[in-house]
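Asks: Have a look at this one.
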Amino acid sequence: MPKVEEWDTFPFDGEMRTRALRPPTEKEVARQGEGGLDCRACAAPDSAFIWTTQRWRLRTLGQPSGMPVVLLLDPRAHYAEPGDLPDEMAAELGTLLARIERAVRLIDGIGRVHVCRWGDGSEHLHWWFMARPARFPQLIGSFAAIWDDILPPMPEAVWRDNLAQVIRELSSA
Ligand SMILES: [Zn+2]
């Protein structure tokens, strides 16, 4: 096992070994909604989002997960990469990332809001806001994304309260 096993944030324990890395594929694996075809994000109605603006829409994963709040910000139109955004939208995105991060951070007991972009699953551009609880040193850093799948889901009522607070904050700004 590599040194990562000794990190306090490593979520696993016990006998383990790394998987062998398979050789590269012929080409990149296609992402969901490539070229905007059958794109789930494009097809989703505004009612599937918790907050929308003229060009952006904010959604949840649809159910509570291990972290107190996990949100995704999509452009309304189909763009694949951050660098594909027209300058005006890229500038607006900067403002929105700050505004949403702030709204989530205001929730009681949040230690940090990770703002991330991976984009290997769905092509439609989406930014992650992953709030981790305060005072759990094991939950810091990039493993928070793994802990989110490991920890028991937040109680539904707490999760809904958190979302309501984010929506209130965004709507009052
Ligand atoms: Zn799309």
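The values are calculated or read from the model by the stated rules, or taken from the named source; none is laboratory data. Values in this document were obtained by computation on a predicted structure and should not be read as measured data. Virtual Cβ from ideal backbone geometry, glycine too; neighbours counted across all protein chains shown. We work out accessible area using only protein heavy atoms, side chains counted, and drop any ligands, DNA or RNA first. Shrake-Rupley method; radii C 1.70, N 1.55, O 1.52, S 1.80 Å.
Asks: Please work out the C-alpha center-to-center distance from the stretch 69-121 to the stretch 12-67 and express it in whole Å.
Replies: 14
Asks: Same structure again: Let's test the formula: R0 of 35 Å, r as the Cβ-Cβ distance of Asp149 and Thr53. What FRET efficiency results, to the nearest 0.05? If you can, show how the numbers build up before the last one.
Replies: Details: r = 30 Å, r/R0 = 0.85.
With a Förster radius of 35 Å, E is 0.75.
Asks: Would you please name the chymotrypsin sites (Phe, Trp or Tyr not before Pro) within the stretch 54-121 that are DSSP coil residues with at most 15 other C-beta atoms within 10 Å of their C-beta? Don't skip to the answer; put the middle values down first.
Replies: Details: sites: Trp56, Tyr79, Trp118; in loops: Tyr79, Trp118.
Sparse-neighbourhood loop chymotrypsin sites (Phe, Trp or Tyr not before Pro): Trp118.
Asks: Leaving out ligands, DNA and RNA, and with a 1.4 Å probe, what % of the accessible surface on the stretch 58-109 is carbon or sulfur? Intermediate results must be reported in sequence, preceding the final value.
Replies: On the way: 1150 of 2330 Å².
For the stretch 58-109, the apolar C and S fraction of the accessible surface comes to 49 percent.
Asks: Kindly identify the chain as rounded, prolate or oblate by the Cα gyration tensor criterion: order the square roots of the eigenvalues as a ≥ b ≥ c, call it rounded if a/c is under 1.5, otherwise compare a/b with b/c, prolate if a/b is larger, else oblate. Don't skip to the answer; put the middle values down first.
Replies: Details: a/c = 1.95, a/b = 1.14, b/c = 1.71.
Here the chain falls in the oblate category.
Asks: Report, to one decimal in Å, the Kirkwood hydrodynamic radius for the stretch 91-173 based on all distinct Cα pairs. Let's see the in-between values first.
Replies: Values: mean 1/r = 0.0717 Å⁻¹.
About 13.9 Å, per the Kirkwood formula over Cα pairs.
Asks: Using the heavy atoms of the protein chains alone and a 1.4 angstrom probe, what is the accessible area of the chain per residue in square angstrom?
Replies: On the way: 10850 Å² over 173 residues.
Per-residue value: 63 Å².
Asks: Once you order the gyration tensor axes a ≥ b ≥ c over the Cα atoms, which shape class does the stretch 33-86 get: rounded for a/c under 1.5, otherwise prolate or oblate by comparing a/b with b/c? Walk me through the numbers on the way to the answer.
Replies: Values: a/c = 1.69, a/b = 1.66, b/c = 1.02.
Prolate, because a/c is 1.5 or more and a/b exceeds b/c.
Asks: Sorting check: for 14-21, 47-54, which peptide has the highest mean count of neighbouring beta carbons within 10 Å, and how do the rest follow? Intermediate values should be presented prior to the final figure.
Replies: Numbers: 14-21: 6.1, 47-54: 13.0.
Going by the mean number of other Cβ atoms within 10 Å, highest first, we get 47-54, 14-21.
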